[in-house]
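S.K.: Just dropping this structure here.
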Amino acid sequence: KIKMVKICCIGAGYVGGPTMAIIALKCPAIEVVVVDISVSRISAWNSDQLPIYEPGLDEVVKQCRGKNLFFSTDVDKHVSEADIVFVSVNTPTKTRGLGAGKAADLTYWESAARMIADVSKSDKIVVEKSTVPVKTAEAIEKILTHNSKGINYQILSNPEFLAEGTAIQDLLKPDRVLIGGRETPAGFKAVQALKDVYANWVPEDRILTTNLWSAELSKLAANAFLAQRISSVNAMSALCEATGADVSQVAFAVGKDSRIGPKFLNASVGFGGSCFQKDILNLVYICECNGLPEVAEYWKQVIKINDYQKSRFVNRVVASMFNTVANKKIAILGFAFKKDTGDTRETPAIDVCQGLLGDKAQLSIYDPQVTEDQIQRDLSMKKFDWDHPLHLQPMSPTGSKKPVQVVWDAYEATKEAHAVCILTEWDEFKKLDFQKIYDNMQKPAFIFDGRNIVDVKKVREIGFIVYSIGKPLDAWLKDMPAV
C-alpha cells in the first residue's frame, strides 16, 4: 500500500492559500495542510469569511476543507509529518542595514528553515514558493544540511506566477509551472516528485524543469519584463499628452506586432502589487552585488518611471484645480492595486492620496473590497513597512476632522466633491451614473481617470472636465499646465 503523500505549506497568504486549495481540489489522494503562526489568519481560513478575496476561491475552499485541505496553527506537528514542505512566507524589502531599500529581508525564510530542521524526523522535499532573491535556496540548503541530524533534504524552487484577481484560473490553467532543483540524482528525484503532483492537472509540456538558479531568476526576470512593459507605455503616455496623440491608439498599433503583443500595454496611473517593485529592487541589488552597475541602473529606471507616473498624476490634479486642492473634497474611487482583489500592497493609490493630502485635500475614498482600517493604515505607513508584521505598524492616527473619510459607495464619495480620481479599474465604476454624480458635485467638476475606463466623450457631454492618461487634453487642461 502506497503511503498517502502529505503536503504542508508554511504561510497562509495570497500564494499559500489558493495554491494549496487547488492542489487539494485536483489531488484527492494528497493531504494538504496550510500552517501559519497567525491565529487570526488561520481562524479566518476556517470560517465563512476568508482572509483574502479572490474570485472562485470560496467555492474551492468550501469543497475541500475538512476532507483533504486543512488550516492549522500547529506548525511543528504538520511540518514534521509532511513529505513535501512548501515555504510561502514573506520576503519583504529590507528597511535598514546592508542593502536597505533593495535587498530582500530573509528573516522569515531563515526562521522557517531552522524550524523545519528542528522538527523533522524524516526526509523532506522543501519547496521555495515565495518570490526570493537568487541564491536563497543555497542559504536554506546550508541551514538544513548543517542541522540535518542525518535527515536528507532536497531544496526545490517552484516560483508562483499568479496574478491577483485571476489566481484560481491561473492555478487551474497555468501558462507554465517552473520547478528548479539540483542536477544530482537525488535532485532529479525530488523534481520528479513535485512534477507528479502538478501532473494531476497540468499538461506535461507545461511543466518546465531547470536548475535552481534558473528557476529563481526566471521569476524575477518575468516580473521585471512585465513591469518594464507598463513603464514603457506609461512613459509614452506622457509624450502622448504633450503632443495630442492618443495612448490607446498607439498601444493598439504597437500591440498588433506579434513580437510585442497586446498584453500589459494599458497606460495607467502606475503599477502596484506585492511583486513588481520588490522583485525589480531585488534584481537591481543582485546586479550591483555582481558588479553590473549599468544593468542595475537600467532596471532601476523602470521603477523611476512608475514613481514619475504617480507624481505626474498628482501634479495634473493640483494644476487643473487652480494650483491648490487645499480643503477641497476629492473623491477617490478604488484603492486596491487592481480590480478583483482587496490587496493594497504598493498600490499607486497610496502615493496619489499622500500627494493630495500633502496639499491639504479632504479625501473621500470608496473601494468595494478594502476596509477602512486597511486604508487608514496604508496612508500612515512608511515605505516598505506594509510587508512587515502588523504589530510593528503604526495605529490609525486619530485626528479631529479626519482628512480621510472612507465611505461605502461611489455616490457618497463623490457628493459635494470638486473632483473624482479613479485609481482602480473595478467593473462597477464603468456602470456608474455619471449624470447623477455630476449633479451632486461642486462646479467645475473634474474627473481624473487613472485607469482610462470612463467613456470620455459621454462624460464631457455631461459637463465634466476630464483628464485621461495619455489622451488628448481638454482645452482647460492645456491652459493649466502641470508643472
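S.K.: How many residues does the stretch 293-351 contain that are over 21 Å from Ala267 (Cβ atoms) and aliphatic (A, V, I, L, M)?
M.R.: Number satisfying all stated conditions: 7.
S.K.: For the condition under 22 Å from Met236 (Cβ atoms) and open to solvent by 60 Å² or more (accessible area, probe 1.4 Å), what is the one hit in Lys478, Lys458?
M.R.: Exactly one of Lys478, Lys458 is under 22 Å from Met236 (Cβ atoms) and open to solvent by 60 Å² or more (accessible area, probe 1.4 Å), namely Lys478.
S.K.: Hey, can you tell me all the residues within the stretch 321-367 that are farther than 15 Å from Gly450 by Cα, open to solvent by less than 10 Å² (accessible area, probe 1.4 Å) and assigned to a loop (DSSP other than H, G, I, E, B)?
M.R.: Once the filter is applied, which keeps residues that are farther than 15 Å from Gly450 by Cα, open to solvent by less than 10 Å² (accessible area, probe 1.4 Å) and assigned to a loop (DSSP other than H, G, I, E, B), the stretch 321-367 yields Met321, Val325, Thr341, Asp343, Thr344, Ala361.
S.K.: Let me ask something else. Name every residue in the stretch 83-103 that is buried (at least 16 other Cβ atoms within 10 Å of the Cβ), among the β-branched types (Val, Ile, Thr) and out of contact with any Pro (no Cβ under 8 Å at 6 or more places or on another chain), in order of residue number.
M.R.: Answer for the stretch 83-103, where residues must be buried (at least 16 other Cβ atoms within 10 Å of the Cβ), among the β-branched types (Val, Ile, Thr) and out of contact with any Pro (no Cβ under 8 Å at 6 or more places or on another chain): Ile84, Val85, Val87, Val89, Thr93.
S.K.: Follow-up. Looking at Glu138, Glu183, can you tell me which residue is touching a strand residue (DSSP E or B) at 6+ places or on another chain (Cβ under 7 Å) and surrounded by fewer than 20 Cβ atoms within 10 Å (Cβ to Cβ)?
M.R.: Answer to the selection: Glu183.
S.K.: So how many residues does the stretch 372-404 have that are at pLDDT 95 or above and outside any helix (DSSP H, G or I)?
M.R.: Here the count works out to 1.
S.K.: Now a separate question. Yes or no: Ser232 surrounded by 14 or more Cβ atoms within 10 Å (Cβ to Cβ), touching a Ser or Thr at 6+ places or on another chain (Cβ under 9 Å) and more than 15 Å from Ile22 (Cβ to Cβ)?
M.R.: No; evaluated as a whole, the condition is false for this residue.
S.K.: Quick one: is Val269 in contact with a Pro (Cβ under 6 Å, 6 or more places away or on another chain), closer than 22 Å to Pro472 by Cα and modelled with pLDDT of 95 or more?
M.R.: yes
S.K.: Okay, next question. Out of the residues in the stretch 303-320 that are among the aliphatic types (A, V, I, L, M) and open to solvent by less than 10 Å² (accessible area, probe 1.4 Å), state the one that is farthest from the chain's Cα centre (by Cα).
M.R.: Filtering the stretch 303-320 for residues that are among the aliphatic types (A, V, I, L, M) and open to solvent by less than 10 Å² (accessible area, probe 1.4 Å), the one farthest from the chain's Cα centre (by Cα) comes out as Ala319.
S.K.: Going through Trp408, Trp426 one at a time, which residue ends up being among the hydrophobic types (A, V, I, L, M, F, W, C), in the same structural domain as Phe322 (by the TED database) and out of contact with any Lys or Arg (no Cβ under 9 Å at 6 or more places or on another chain)?
M.R.: So the residue among Trp408, Trp426 that is among the hydrophobic types (A, V, I, L, M, F, W, C), in the same structural domain as Phe322 (by the TED database) and out of contact with any Lys or Arg (no Cβ under 9 Å at 6 or more places or on another chain) is Trp408.
S.K.: Return the residue satisfying two criteria in turn: it lies in the stretch 52-77 and is open to solvent by less than 70 Å² (accessible area, probe 1.4 Å) and part of a helix (DSSP H, G or I), and of such residues it is nearest to Pro18 (Cα to Cα).
M.R.: Checking each candidate, the answer is Leu57.
S.K.: Quickly run through the stretch 250-280 and pick out the residues that are in a helix (DSSP H, G or I) and open to solvent by 20 Å² or more (accessible area, probe 1.4 Å).
M.R.: Val250, Phe252, Ala253, Val254, Phe276, Lys278
S.K.: Is there any pair with a first residue in the stretch 99-117 that is without any contact (Cβ under 8 Å) to a residue 12 or more places away in the chain and a second that is open to solvent by 30 Å² or more (accessible area, probe 1.4 Å) whose Cβ atoms are under 6 Å apart and which are 6 or more apart or on different chains, and what are they?
M.R.: Listed pairs, sorted by first residue: Ala100/Lys94.
S.K.: Which of the residues spanning the stretch 224-249 are among the small types (Gly, Ala, Ser), closer than 27 Å to Val454 by Cβ and in a helix (DSSP H, G or I)?
M.R.: Ala227, Ser231, Ser232, Ala235, Ser237, Ala238, Ala242, Ser248
S.K.: Still on this model: Any residue in the stretch 249-265 that is free of Cβ contacts under 8 Å to residues at least 12 places away in the same chain and within 16 Å of Lys300 (Cβ to Cβ)?
M.R.: No - not one qualifying residue is present in the stretch 249-265.
S.K.: If you check Ala221 against the conditions, is it surrounded by fewer than 19 Cβ atoms within 10 Å (Cβ to Cβ), in a helix (DSSP H, G or I) and among the aliphatic types (A, V, I, L, M)?
M.R.: yes
S.K.: Scan the stretch 248-258 and give yes if some residue there is at pLDDT 95 or above and at positive phi, otherwise no.
M.R.: No; the residues of the stretch 248-258 include none that is at pLDDT 95 or above and at positive phi.
S.K.: Of the residues Ser47, Ser80, which is over 30 Å from Leu220 (Cα atoms), assigned to a loop (DSSP other than H, G, I, E, B) and open to solvent by 10 Å² or more (accessible area, probe 1.4 Å)?
M.R.: Ser47
S.K.: Can you tell me how many residues in the stretch 186-200 are open to solvent by 40 Å² or more (accessible area, probe 1.4 Å) and aromatic (Phe, Trp, Tyr)?
M.R.: Number satisfying all stated conditions: 1.
S.K.: Please count how many residues of the stretch 424-483 are out of contact with any Leu (no Cβ under 7 Å at 6 or more places or on another chain), part of a helix (DSSP H, G or I) and of a type in the set (Phe, Trp, Tyr).
M.R.: 3
S.K.: A further question follows. Any residue in the stretch 3-25 that is open to solvent by 10 Å² or more (accessible area, probe 1.4 Å), among the basic types (Lys, Arg) and assigned to a helix (DSSP H, G or I)?
M.R.: no
The values are calculated or read from the model by the stated rules, or taken from the named source; none is laboratory data. Computed from a predicted structure; not experimentally measured. Note that we place each Cβ from the backbone using ideal geometry, even for glycine, and neighbour counts take in every protein chain shown. We work out accessible area using only protein heavy atoms, side chains counted, and drop any ligands, DNA or RNA first. Shrake-Rupley method; radii C 1.70, N 1.55, O 1.52, S 1.80 Å.
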